[in-house]
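Below is one structure, written out as structure tokens; comments come after it.
The values are calculated or read from the model by the stated rules, or taken from the named source; none is laboratory data. Please read these numbers as outputs of a predicted model, since none were measured by experiment. In this analysis, Cβ positions are derived from the backbone assuming ideal geometry, glycine residues included, and neighbour counts consider all displayed protein chains.
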Ligand SMILES: Cc1cc2nc3c(=O)[nH]c(=O)nc-3n(C[C@H](O)[C@H](O)[C@H](O)COP(=O)(O)OP(=O)(O)OC[C@H]3O[C@@H](n4cnc5c(N)ncnc54)[C@H](O)[C@@H]3O)c2cc1C
């Protein structure tokens, strides 16, 4: 069966399929995803009902044309933070809904991993790990996040439940009472709350160089502010503007975020470097906000001493008998029973399929070497000569170099609609 092949069945791949099914009554769609469940990926496969979305329901619709779709499905108001588990169910519902009203033979899910893409008779040939291949007129890469950033000091440490290098891949046990977590972003919040629920007497050390914690959302979201010209032209301009608006920083940042893909695309390489190297951590600590109820729990645990935040780097970790000894860059020493890495994902695309496609010059890496290169207006991917492929598109985290903000649903739903339109247009 030739048609459109979407590689990756997380939220991004599923939303491209949903948009195609809504926009066309005839296109054939093959979704290549090794996992049985579609739409979940790392973010929405959690079974912990207390892992909440970090964006209110009013901004998490999967459909550009129906901004209230999630609120209606979940029967909640726009300021509610629903669980990520329920969000996964909502995404599945969007697909099921489309399949129930169309000829479901137009859609197939191949449980396989794509290993290679070659030019073929009808466009492309996608080689699968099952030993077979699938023909495609057009292909969408929706491969999700790259591997986690694993700091150097993890090298040489044994592989056991006391050392968690990639918390989403490996999972973790909450049996330990003294834990150090490297990284203090939203993943840190998830893990801390899970540990403290299982083990209320645990003491958790959160360690990061800037010591910054995610900021809370307001209980009632205010509209985004228009972006002034001076915040469009340079990294410093963004910093100065956000620093000048006082407690309206959320509304100001929401405005910039809305236009950030455009602002980023217009930045010269030097400005991109400055923003990324000097301001991106700060941007993220403001941008990755937590639900207010989660923020209260975390602040409460800091007050009671269950969480201790260290503004420092980690110089080394070593085993001392059954304990782990951490030397921090501020001179302190810690003794803990478990170390969990929550440093987030790499921006360089580490997916084996992308490595293969870049090595064969079929694709090229994006600005600053991050993700893959694409035409920012159509999301068509570019080859090593900078020439745009007519039939290969990307979506989601693999476009981070070109778009910067491209990992969350408010951006992904727009990209999914755009990619579907482009696929059907040409
Ligand atoms: C813990 C966590 C919480 C988050 N919370 C929020 C939130 O509250 N709000 C929000 O807007 N965003 C949130 N995000 C951002 C989230 O990444 C996106 O919302 C979304 O899940 C990304 O979807 P994706 O499909 O691009 O990637 P993924 O979910 O990573 O899916 C990629 C899929 O591609 C498949 N794949 C990879 N390689 C191949 C291959 N070669 N062949 C076939 N299949 C392949 C994988 O199996 C995977 O299923 C969160 C992210 C995380 C990690």
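Things to note:
- Of the residues examined, residue 131 is one that is out of contact with any strand residue (DSSP E or B) (no Cβ under 9 Å at 6 or more places or on another chain) and either modelled with pLDDT of 95 or more or surrounded by 14 or more Cβ atoms within 10 Å (Cβ to Cβ) (or both).
- Exclusive hit being out of contact with any strand residue (DSSP E or B) (no Cβ under 8 Å at 6 or more places or on another chain), away from the ligand (no atom under 16 Å from the Cβ) and assigned by TED's automatic domain parsing to the domain that holds residue 167, set 201, 247: 201
- Residue in the range 82-92 that is part of a loop (DSSP other than H, G, I, E, B) and either more than 14 Å from the ligand (Cβ to nearest atom) or surrounded by fewer than 18 Cβ atoms within 10 Å (Cβ to Cβ) (or both) present: no
- Scanning the range 266-280 for residues that are in contact (Cβ under 8 Å) with a residue 60 or more places away in the chain and exposed (fewer than 15 other Cβ atoms within 10 Å of the Cβ) gives 269, 273.
- Breaking point among (1) part of a helix (DSSP H, G or I); (2) within 23 Å of the chain's Cα centre (by Cα), for residue 242: (2)
- The lone criterion from (1) surrounded by fewer than 17 Cβ atoms within 10 Å (Cβ to Cβ); (2) within 14 Å of the ligand (Cβ to nearest atom) left unmet by residue 75 is number (2).
- Test for residue 126: is it in a loop (DSSP other than H, G, I, E, B), within 16 Å of the ligand (Cβ to nearest atom) and within 26 Å of residue 26 (Cβ to Cβ): no
- Qualifying position, being closer than 27 Å to residue 274 by Cβ, touching a residue at least 60 places away in the same chain (Cβ under 8 Å) and buried (at least 23 other Cβ atoms within 10 Å of the Cβ), among 402, 411: 402
- Matching residues in the range 314-329 - criterion: being farther than 14 Å from residue 204 by Cβ and either surrounded by 16 or more Cβ atoms within 10 Å (Cβ to Cβ) or out of contact with any strand residue (DSSP E or B) (no Cβ under 7 Å at 6 or more places or on another chain) (or both): 314, 317, 319, 320, 321, 322, 327, 328
- Pairing each residue of the range 39-65 that is over 22 Å from residue 215 (Cα atoms) with any residue that is part of a loop (DSSP other than H, G, I, E, B) and more than 9 Å from the ligand (Cβ to nearest atom), provided the two are 6+ apart or on different chains, yields C-beta distances under 6 Å for 61/67.
- Any hit, the range 209-227, residues being modelled with pLDDT of 95 or more and exposed (fewer than 15 other Cβ atoms within 10 Å of the Cβ): yes
- Residue match in the range 219-235 (condition: in a strand (DSSP E or B), within 16 Å of the ligand (Cβ to nearest atom) and under 29 Å from residue 47 (Cα atoms)): no
- Condition met for residue 368 (surrounded by 15 or more Cβ atoms within 10 Å (Cβ to Cβ) and out of contact with any strand residue (DSSP E or B) (no Cβ under 9 Å at 6 or more places or on another chain)): yes
- Any hit, the range 38-61, residues being more than 9 Å from the ligand (Cβ to nearest atom) and part of a strand (DSSP E or B): no
- Residue within the range 355-365 that is touching a strand residue (DSSP E or B) at 6+ places or on another chain (Cβ under 7 Å), buried (at least 19 other Cβ atoms within 10 Å of the Cβ) and not assigned by TED's automatic domain parsing to the domain that holds residue 402 present: no
- Filter result for residue 99 (under 28 Å from the mean Cα position of the chain (by Cα), closer than 27 Å to residue 19 by Cα, more than 10 Å from the ligand (Cβ to nearest atom) and not in a strand (DSSP E or B)): yes
- Candidate set from the range 1-21 (those that are outside any helix (DSSP H, G or I) and within 14 Å of the ligand (Cβ to nearest atom)); member that is nearest to residue 418 (Cα to Cα): 6
- For the range 332-343, filtering for residues that are buried (at least 16 other Cβ atoms within 10 Å of the Cβ) and either away from the ligand (no atom under 11 Å from the Cβ) or on the phi > 0 side of the Ramachandran plot (or both) leaves 8.
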